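These notes are about the structure you will find just below.
Please treat every number below as a calculation from the coordinates, not as lab data. Everything quoted here is computed from the prediction, not taken from an experiment. Cβ placement follows ideal geometry from the backbone for every residue including glycine, while neighbour counts extend to all protein chains displayed.
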Amino acid sequence: MQPLIDNARAFGQRPEEFAGLAQGQSPQVLFITCSDSRVVPALITGARPGELFELRTAGNIVPPYASGTPSGETATIEYAVNVLGVRDVVVCGHSHCGAVGALVRGDDLAAVPAVRDWLAHAAEDPGASDPQDPTVADAVQNHVLTQLLRLRSYPCVEQRLTSGLLRLHGWYYEVHTGAVREHRADTDSFESL
C-alpha cells in the first residue's frame with residue numbers, strides 16, 4: 001500500500017496539469033470492462049483524464065434494463081449516453097477472466113452468493129471450445145457479444161443507435177500479451193485492432 005500512497009502524494013503536486021478538469025467532462029467513449037485489477041482502461045487506450053467514462057463490473061456484465069429497479073450500472077450507461085453524449089461504447093472482456101471461467105467450469109459459488117447472483121446476468125452458457133483453457137478466450141468473446149446485445153435493449157442506447165449517434169464495439173484484451181482484438185461483424189470474429 002505504501003507505494004500507492006507515495007504516488008498519490010506526488011500526483012497531487014502537479015495541479016496545473018489538472019486545473020482544466022474542473023470545468024467538466026466530455027468523454028467520447030463509455031468503456032465497460034471487468035473490475036479485474038489487470039485490466040486498466042487508460043493504460044490500454046492511452047487515455048488521459050476526462051477522455052473515458054468507465055463502468056467496471058465483475059465480468060464486464062451489463063445487467064438487463066429494468067426501469068423499475070435501477071442499478072448503478074444502468075444509471076452509468078444512461079448518464080453516459082443521454083447526458084454526456086458519448087459517441088462510442090466499448091465492452092471489453094479479457095483473458096483469464098475469473099467470472100467467465102467460473103461459469104464455464106460450473107464452479108460452486110455458494111460461499112459468495114452475491115457473486116453467484118451477479119453472474120446470473122451473464123450469458124447462461126458462454127460456450128468454450130476447451131473448458132480447461134485458462135484464457136477462456138472463446139467464452140469471454142461470446143460473453144462480450146452477449147453484453148453488446150444486452151446494451152441494445154437499453155432505450156437510450158437503442159434510440160442513439162437508430163439515429164446514428166452511437167456505435168458499439170466489442171473488444172477482447174489478452175492480459176498475458178497486452179494484445180487487443182475487436183469484433184468485426186463482417187467476419188464475425190475478433191481481429192487485431
(request) Please find the FRET efficiency linking Ser26 to Asp186, where r is the Cβ-Cβ separation and R0 is fixed at 30 Å, and quote it to the nearest 0.05. (result) 0.45
(request) Using a 10 angstrom cutoff on alpha carbons, build the Gaussian network for the chain and name the most mobile of Arg160, Arg105, Arg56. (result) Arg105
(request) Would you mind ranking Phe31, Phe11, Phe190 by Cβ crowding within 10 Å, fewest neighbours first? (result) Phe11, Phe190, Phe31
(request) First measure r as the distance between the Cβ atoms of Thr69 and Ser35, then evaluate 1/(1 + (r/R0)^6) with R0 = 25 Å and state the FRET efficiency to the nearest 0.05. (result) 0.70
(request) Nearest 5 is fine: what % of DSSP beta bridges in the chain come out antiparallel, could you say? (result) 30
(request) Label segment 1-143 by shape, choosing from rounded, prolate and oblate, from the square roots a ≥ b ≥ c of the eigenvalues of the Cα gyration tensor; if a/c is under 1.5 it is rounded, and otherwise prolate applies when a/b is larger than b/c, oblate when it is not. (result) prolate
(message) How far apart, in nanometres, would the label points at Asp108 and Arg167 be if each is projected 7 angstrom from Cα along the Cα-to-Cβ direction?
(response) 4.8
(message) Need the full-extension length gain, Arg56 to Val115, defined as separation in residues times 0.36 nm minus the C-alpha distance. One decimal, nm.
(response) 19.8 nm
